[in-house]
Amino acid sequence: MAQGRFITFEGGEGAGKSTQLKRLVARLQTGGREVVATREPGGSPGAEAIRDLVLNGNADRWSPVTETLLMYASRRDHIERVIRPALARGAWVVCDRFADSTRAYQGAAGGTDPALIAALETCVLEGTRPDVTLIFDLPVAVGLERAHARAGAEMRFESKGQDFHERLREAFLAIARAEPERCAVIDATGSPDEVEAKVWSAVWGLLAVHE
Ligand SMILES: Nc1ncnc2c1ncn2[C@@H]1O[C@H](COP(=O)(O)OP(=O)(O)OP(=O)(O)O)[C@@H](O)[C@H]1O
Ligand SMILES: [Mg+2]
């Protein structure tokens, strides 16, 4: 069985990742392809328990380094139990946030040493890296407004200041510039249908680069 494809959605709060992930998964499933929709932090029972620790509570509950280690503990469990088995059986995995969120949130915006994050990527991911990453880009104020309108639990990162979110946005754009063969920036300001069309063409455009 051919190895599956690994697609990740990244970007700041309220950019429309979760909305678009459902749409992409539904489109990819037509024709009988097995598609696993998952998310981070979380995606496996152990990782979901860590998600609860990381996304709830005061903004300063964890230091950036502690948060990085929690994210990587949850990511390792998710990879071992869900992502790798799915890719090995030929499924496509579409994941709402992945390693780039750690680079952006805990690294660029949070201040964790990028060398620690790079070491964790090497030792913990061990080559389980996305084929395609879509970076959803939106002015910070628009994203936070959308996120607040939807508000509920898991507000810990949304409660960080404007500066944090501006650094985050720039960090994601920098990742896209550095790795254009993997990443596409999706202008997330349009209607859900417009964004869906951009997502579809970006996925196939980037996959074609790997063929
Ligand atoms: N293109 C769009 N135009 C307007 N509103 C949108 C659009 N896409 C999503 N929304 C709405 O914005 C809110 C945030 O969307 P969504 O939850 O998909 O974002 P997200 O990127 O997953 O956010 P988070 O990072 O906080 O998980 C939701 O209420 C959703 O219905
Ligand atoms: Mg979401």
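A quick yes/no check of all residues on (1) of a type in the set (Gly, Ala, Ser); (2) away from ligand 1 (no atom under 16 Å from the Cβ); (3) within 16 Å of Arg103 (Cα to Cα); (4) in a helix (DSSP H, G or I):
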site: Ala174; (1), (2), (3), (4): yes, yes, yes, yes
site: Arg177; (1), (2), (3), (4): no, yes, yes, yes
site: Glu181; (1), (2), (3), (4): no, yes, no, no
site: Gly205; (1), (2), (3), (4): yes, yes, no, yes
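Would you check if there is a residue in segment 121-138 being away from ligand 1 (no atom under 11 Å from the Cβ), within 22 Å of Ser63 (Cβ to Cβ) and in contact (Cβ under 8 Å) with a residue 40 or more places away in the chain? Taking every residue of segment 121-138 in turn, at least one turns out to be away from ligand 1 (no atom under 11 Å from the Cβ), within 22 Å of Ser63 (Cβ to Cβ) and in contact (Cβ under 8 Å) with a residue 40 or more places away in the chain. Reported count of residues in segment 1-50, each being farther than 22 Å from Arg182 by Cα and within 12 Å of ligand 2 (Cβ to nearest atom), is 2. For the criterion of being within 24 Å of Glu158 (Cβ to Cβ), of a type outside the set (Gly, Ala, Ser), in a loop (DSSP other than H, G, I, E, B) and at pLDDT 95 or above, Thr19 fails.
Residues in segment 83-100 that are within 18 Å of Val132 (Cβ to Cβ) and either more than 16 Å from ligand 1 (Cβ to nearest atom) or among the hydroxyl-bearing types (Ser, Thr, Tyr) (or both): how many? Count: 8. Of everything in segment 5-17 that's under 13 Å from His210 (Cβ atoms) and not basic (Lys, Arg), which residue is farthest from ligand 1 (Cβ to nearest atom)? Ranking the qualifying residues of segment 5-17, first place goes to Phe6.
With the structure loaded, tell me whether Ala147 is over 25 Å from Gly32 (Cβ atoms), within 16 Å of ligand 2 (Cβ to nearest atom) and either of a type in the set (Ser, Thr, Tyr) or assigned to a helix (DSSP H, G or I) (or both) or whether it fails that test. It is true that Ala147 is over 25 Å from Gly32 (Cβ atoms), within 16 Å of ligand 2 (Cβ to nearest atom) and either of a type in the set (Ser, Thr, Tyr) or assigned to a helix (DSSP H, G or I) (or both). Criterion first (more than 16 Å from ligand 2 (Cβ to nearest atom), of a type in the set (Gly, Ala, Ser) and either over 14 Å from Arg5 (Cα atoms) or touching a strand residue (DSSP E or B) at 6+ places or on another chain (Cβ under 9 Å) (or both)) does Ala118 satisfy it? When the stated conditions are applied, Ala118 passes them. Those residues that are buried (at least 16 other Cβ atoms within 10 Å of the Cβ) and outside any strand (DSSP E or B), I need them from segment 1-16; list them, please. Matches in segment 1-16: Gly4, Arg5, Gly12, Glu13, Gly14, Ala15, Gly16. Within segment 20-33, residues that are more than 11 Å from Ile7 (Cα to Cα) reach partners that are within 16 Å of ligand 1 (Cβ to nearest atom) and at pLDDT 95 or above with beta carbons closer than 6 Å, at six or more positions or on different chains, in the pairs Gln20/Val195; Gln20/Val199; Arg23/Glu196.
Of everything in segment 186-203 that's away from ligand 1 (no atom under 14 Å from the Cβ) and surrounded by 14 or more Cβ atoms within 10 Å (Cβ to Cβ), which residue is nearest to Ile7 (Cα to Cα)? The selected residue is Val203. Per the conditions (1) crowded, with 22+ Cβ neighbours inside 10 Å; (2) in contact with a helix residue (DSSP H, G or I) (Cβ under 6 Å, 6 or more places away or on another chain), the sole criterion not satisfied by Gly143 is (2).
In the condition set (1) of a type outside the set (Val, Ile, Thr); (2) within 16 Å of ligand 2 (Cβ to nearest atom); (3) touching a Gly at 6+ places or on another chain (Cβ under 6 Å), Gly90 is compliant with all but (2). Consider segment 84-107 and keep the residues that are of a type in the set (Phe, Trp, Tyr) and within 17 Å of Glu121 (Cβ to Cβ). The one that is surrounded by the fewest Cβ atoms within 10 Å (Cβ to Cβ) is Tyr105. Across segment 159-169, which residue is farthest from ligand 1 (Cβ to nearest atom) among those that are surrounded by fewer than 12 Cβ atoms within 10 Å (Cβ to Cβ) and part of a helix (DSSP H, G or I)? The selected residue is Asp163.
The values are calculated or read from the model by the stated rules, or taken from the named source; none is laboratory data. Because the structure is a prediction, the values reported are computed rather than measured. Glycine gets a Cβ as well: all are built from the backbone with ideal geometry, and neighbour counts include every protein chain shown.
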